[in-house]
Amino acid sequence: MKKQINWYIFNAFNQRLGRLASVIACIIIGKHHFSPHSSGDKVIIINAKHIILGGSKTNNKTYISYSGYPGGKKVKKVSELIKTRPEFIIRKSVLGMLPKNYFQKKIKNLYIFPNTRHNIKNVNNVKYFY
């Protein structure tokens, strides 16, 4: 018997980042199933550029990357990243809420689109969350 994979579509329009990321992490892991052999489901997020961060995080939160070379430190504010790469912010927050073991590989089941349309074909068993 083949396990049936469910697809969940989330609309991120005016949703809080942390609350949305925690729900998505539970679905990707498979905690919402009551079967011990659940492998999790696939998640599509639309309207990623309209996500909301709580408090003053939009102005104060920064992401730092370092290339390993002298002077290779790059600092980007969240307000800039929401306009250019909103999928990076959501993917990073969901990855931070996944346990630090083999469940981190399940991030490949997360598909993020900045607008209202997605281009995933053959989506069966769709459940919508708005």
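The values are calculated or read from the model by the stated rules, or taken from the named source; none is laboratory data. No experiment lies behind these values; they were computed from the predicted model shown. Reconstructed Cβ throughout: ideal geometry from the backbone, glycine too, with neighbour counts over all protein chains shown. Remember, those area values only see protein heavy atoms, side chains included, never the ligands or the DNA or RNA. Shrake-Rupley method; radii C 1.70, N 1.55, O 1.52, S 1.80 Å.
A few notes on this one:
- Angle in degrees between helix 86-97 and the longest Cα principal axis of the chain, rounded to the nearest 10: 70 degrees
- Residues with amide H under 5 Å from that of Y8, placed H, sequence gap 5 or more: K42, V43, I44, K127
- Overall, the chain carries a charge dipole of about 220 debye about its Cα centre when +1 sits on the Cβ of Lys and Arg and -1 on the Cβ of Asp and Glu, all other atoms neutral.
- Highest average packing first - 56-63, 16-23, Cβ atoms within 10 Å: 16-23, 56-63
- Long-range tail of P(r) for the range 7-75 (Cα pairs > 14 Å, %): 70 percent
- Just checking the listed ones, G30, G71, G40: in the Gaussian network model of the chain with Cα springs under 10 Å, the one fluctuating most is G71.
- Per-residue ³J(HN,Hα) for the range 52-66, Karplus 6.51 cos²θ - 1.76 cosθ + 1.60, θ = phi - 60°, Hz, x for Gly and Pro: 10, 9, x, x, 9, 5, 4, 8, 9, 6, 10, 10, 10, 10, 9
- Accessible area per residue in Å² at 1.4 Å probe, computed on the chain: 67 Å²
- Convex hull volume of the Cα atoms of the chain, normalised per residue: 137 Å³.
- Helix 17-29 axis, angle to the chain major axis (alpha carbon atoms, nearest 10°): 40 degrees
- Charge dipole magnitude, Cβ of K and R +1, D and E -1 - the range 5-67, Cα centre, debye nearest 20: 200 debye
- Under a Gaussian network description of the chain, with springs only between Cα atoms under 10 Å, the residue in P86, P99, P114 that fluctuates furthest is P99.
- Shape category assigned to the range 52-115 from the gyration tensor of Cα positions, a/c cut at 1.5: oblate
- Its DSSP H runs of at least 4 residues, each contributing -39,500 (n - 2.57), put the calculated 222 nm mean residue ellipticity of the chain at -8000 deg cm²/dmol, to the nearest 500.
- Over 30 Å between alpha carbons, listed pairs K3/K61; K73/K121; K73/K108; K74/K121: K3/K61; K73/K121; K74/K121
- Note: relative contact order over the chain, using C-alpha pairs below 8 Å and six or more positions apart, is 37 percent.
- Protein accessible area in the chain, 1.4 Å probe - carbon and sulfur %: 54 percent
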